[in-house]
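The values are calculated or read from the model by the stated rules, or taken from the named source; none is laboratory data. Being a predicted model, the structure only gives us computed values, none of them experimental. Glycine also receives a Cβ, built like all others from the backbone with ideal geometry; neighbour counts cover every protein chain displayed. Calculation scope for accessible area: heavy atoms of the full protein, side chains included, ligands and nucleic acids excluded. Shrake-Rupley method; radii C 1.70, N 1.55, O 1.52, S 1.80 Å.
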Amino acid sequence: MSKKPNIAIVGATGVVGSTFLKVLEERDFPFENVYMMASAKSAGKTVTFKGKDYVVEELNEHSFEKDIDIALFSAGGSTSEKYAPIAAKCGVTVVDNSSQWRMDPEVPLVVPEVNADDIKWNKGIIANPNCSTIQAMVVLKPLHDKYTIKRVVYSTYQAVSGSGVKGISDLEEGLKGNDKCEAYAHPIAGNCIPHIDVFLENGYTKEEMKMINETHKILGDDTIKVTATTVRVPVFDSHSESINIEFEKPIDVDEVRETLANFPGIVVQDDPANNVYPLARNAAGTNEVYVGRIRRDFSVENGINLWVVADNIRKGAATNAVQIAEELIK
Ligand code: 3JN
């Protein structure tokens, strides 16, 4: 792309949408024009970007008839289902944060540090993975390349910001003693709720199946055995994950630590003697994936345990999407 791109932000007023704007601004993303769009409910609101106020336009069938190069979508699955193909048909490259297109074989599912090359075969839509998947992929990729992963067990501790404003408000109110269950089936303050997204017939939640299916697609290997338990915890920002991995090849823990430290986007924080390990509150507001508690799993031959933390709205959503857009204009 020789000229600066025209960009559109779809869902500009949401939790992820407003973080798109922050991240684009922080990273000084080049653009000629920017269009802010949202559904009828949020249209007419004003958002500020790079010191300028923009009135949010209502998304409609004609929104993409202007000269738009890249659209970052985070307005929910049904909006993406309807409008991402319309935008793509108008020549826009859509980076979509919903689950709507992730498992479509015609749509690349991308974490730039891991599989940026997949961007090349996009046909107008590129999917941003689920937040819990993204932070796990950054860590699994260099280890899979080196030792070949046989099996992964994910256990997540997910922040309420993953549920948008209702999740944040349920926790804020709960901490004041007012139990509110707008986002969840149970009060979140003082609780851990093993229920994210809806339950499926196989007993897993949809969030758990997203992690499993997206792991296979991004690593390009359906033979890896993956299981997951996803849990909502009373934390505002950043998802934490315990990841247990079993490999085909023998591992050396120091070499694992070094391999992770040398991979782009990863910060190793692993000094238990000094109480240093990744923490949700430290990761919040940053773009990196933090790994610590790196230790052998003595119960199997070639196993390790890791503790992985990242800001779910940044690397888990907005930052990853902006990184994809940066690859597009390279
Ligand atoms: O709960 C979280 O921490 C992440 C939530 C993700 C989410 C919430 C509602 C709908 C998604 C997602 O990104 O998979 C979706 C969806 O698009 O299906």
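Values computed for the structure shown
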{"quantity": "Any chance D222 is open to solvent by 30 Å² or more (accessible area, probe 1.4 Å), touching a helix residue (DSSP H, G or I) at 6+ places or on another chain (Cβ under 6 Å), more than 16 Å from the ligand (Cβ to nearest atom) and over 29 Å from A75 (Cβ atoms)", "calculated": "yes"}
{"quantity": "Within the stretch 148-167, tally of residues that are of a type in the set (S, T, Y), open to solvent by 30 Å² or more (accessible area, probe 1.4 Å) and more than 10 Å from the ligand (Cβ to nearest atom)", "calculated": "3"}
{"quantity": "Residue within the stretch 73-84 that is open to solvent by less than 20 Å² (accessible area, probe 1.4 Å), more than 23 Å from D197 (Cα to Cα) and of a type in the set (S, T, N, Q) present", "calculated": "no"}
{"quantity": "Count - residues of the stretch 259-305 that are assigned to a helix (DSSP H, G or I) and either in contact with a Pro (Cβ under 6 Å, 6 or more places away or on another chain) or of a type in the set (V, I, T) (or both)", "calculated": "1"}
{"quantity": "Sole residue being farther than 30 Å from G91 by Cα, free of Cβ contacts under 8 Å to residues at least 24 places away in the same chain and open to solvent by less than 10 Å² (accessible area, probe 1.4 Å), chosen from D179, D170", "calculated": "D170"}
{"quantity": "Selected residue (only one of G265, G292, G316 is within 16 Å of the ligand (Cβ to nearest atom) and at pLDDT 95 or above)", "calculated": "G316"}
{"quantity": "Residue match in the stretch 54-65 (condition: outside the structural domain of D222 (by TED's automatic domain parsing), in contact with a Lys or Arg (Cβ under 7 Å, 6 or more places away or on another chain) and part of a loop (DSSP other than H, G, I, E, B))", "calculated": "yes"}
